[in-house]
Structure formats: C-alpha cells, structure tokens
Amino acid sequence: MESASQDINLNSPNKGLLSDTMTDVPVDNTASARTSAPEGLTDAEEEELRSELAKVEEEIGTLRQVLAAKERHCGELKRKLGLTTFDGLKQNLSKSWHDVQGSNAYLSASSTLEDWNEKLTQSEAYKKTQETLSQAGQKTSAALSNVGSVISRKLGDMRNSTTFKSFEDRVGTIKSRVVGSRENSTDPHSPTGSGDKPPQDNAPF
C-alpha cells in the first residue's frame with residue numbers, strides 16, 4: 001500500500017510531487033478551540049467557568065423550548081375560546097398602558113405637568129389674559145344688545161311713520177274690497193250670484 005503523501009493516480013505525471021511539497025504539520029484541535037486564558041485566571045478556574053457557561057447555555061435552550069411549547073398551547077386555547085389576534089393585541093395594549101401609568105417615569109411626568117399647570121394658572125400673565133378675554137366677551141355682548149335695541153327702535157319708528165301708516169291703510173282698503181267682492185259673488189239672494197234661472201210658478205190657476 002502506497003504512502004498517503006504520494007499521488008493517488010499512479011498514471012499521473014505529477015505522481016510523487018506531493019511528498020516533495022507537503023510537510024507533516026501536527027494539528028491540535030483542542031488547542032485551536034480554546035483561547036488563551038485571561039490574565040489572573042488559573043487553568044482550573046477557567047475550566048470551571050467554561051463548564052458553568054455550558055450549563056447556562058443548555059438551560060437557556062431548554063427554557064426556549066419550554067416557552068415555545070407554552071406559546072403553542074396558549075394559541076390553541078385562544079383558538080378554542082374564539083379569541084382573535086386583535087383581542088390579544090387589545091389586552092396587551094391595555095396591560096402595557098396600565099404598566100406605563102404605574103411606572104415611576106409616568107408618575108413623575110404627571111406630577112411635573114400638574115406643577116406647571118398650577119404655576120401657569122397662578123401667573124400674572126395668565127390672569128391678565130383671562131381678564132382681557134372676559135372683558136372682550138362682555139363688550140361683545142353689550143354691543144350685540146345695543147344693536148338689537150337700535151333695530152327694535154328703528155322698526156318702531158318706521159311703523160309710526162306717516163309713510164308706513166299710509167301703506168298700511170292702502171293694504172287694508174285693498175283687502176276690504178277683495179273680501180267684499182267675494183261676499184257679493186257668493187250671496188244666494190243676489191240676482192247674479194249663482195246664474196240660476198228664477199223658479200217658475202207651476203201652480204194651477
């Protein structure tokens with residue numbers, strides 16, 4: 001049996017070249033897998049830490065498998081109960097909002113906003129602005145009231161004027177004439193009211 005350093009194909013023109021170009025280099029897989037120990041650690045301490053790391057990584061993998069199984073079981077239960085993904089999302093949002101409201105950051109921000117609101121409402125600028133707006137509203141109401149009074153007074157003056165009374169008298173005269181003509185046209189005793197012929201006396205002599 002020929003050496004492994006020789007060419008496998010005995011008919012190749014390059015046979016025997018491998019033995020001249022390659023040298024035997026020993027390879028230590030254990031040494032390449034391990035890095036140099038950190039300074040201040042002995043070999044025993046390093047070995048103990050590596051063993052503990054392997055155990056923790058194994059536990060993490062086991063927990064991930066258990067969590068995946070629990071999530072599948074939870075999804076199956078929700079499907080049987082008729083709970084949709086939207087319901088779950090709504091519950092998660094509600095829980096998240098409740099957690100946010102109970103967090104220290106939210107309570108601190110809420111307290112800060114309340115302090116700012118109190119300081120703002122008690123400031124002189126805010127009081128002056130509120131007073132100015134109140135006065136403007138009162139002036140607007142008074143102006144509208146004055147406009148209404150002026151319009152009412154103008155209407156009263158116009159009704160009492162000679163022109164309006166003359167116009168009112170003319171309207172009344174026209175109305176009386178129209179009503180009188182209608183009454184005359186519907187009077188049964190009028191000879192031209194209904195257009196019927198006078199009744200004939202058929203009594204025997």
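The values are calculated or read from the model by the stated rules, or taken from the named source; none is laboratory data. Just so it is clear, the structure is predicted and the values come from calculations on it, not from any experiment. Positions of Cβ are backbone-derived with ideal geometry, glycine not excepted, and every protein chain shown enters the neighbour counts. Side chains are part of the model used for accessible areas, which takes the heavy atoms of the whole protein and leaves out ligands, DNA and RNA. Shrake-Rupley method; radii C 1.70, N 1.55, O 1.52, S 1.80 Å.
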Please work out if Asp157 is assigned to a loop (DSSP other than H, G, I, E, B), modelled with pLDDT under 80 and of a type in the set (Asp, Glu). no
Read through the list (1) part of a helix (DSSP H, G or I); (2) open to solvent by less than 80 Å² (accessible area, probe 1.4 Å); (3) at pLDDT below 80, then give the number of the only condition that Gly148 fails. (3)
Which members of the range 73-123 meet the condition of being surrounded by 10 or more Cβ atoms within 10 Å (Cβ to Cβ) and outside any helix (DSSP H, G or I)? Leu83, Thr84, Ser103, Ser123
Taking the options Ser96, Ser123, name whichever one is polar (S, T, N, Q) and more than 30 Å from Arg72 (Cβ to Cβ). Ser123
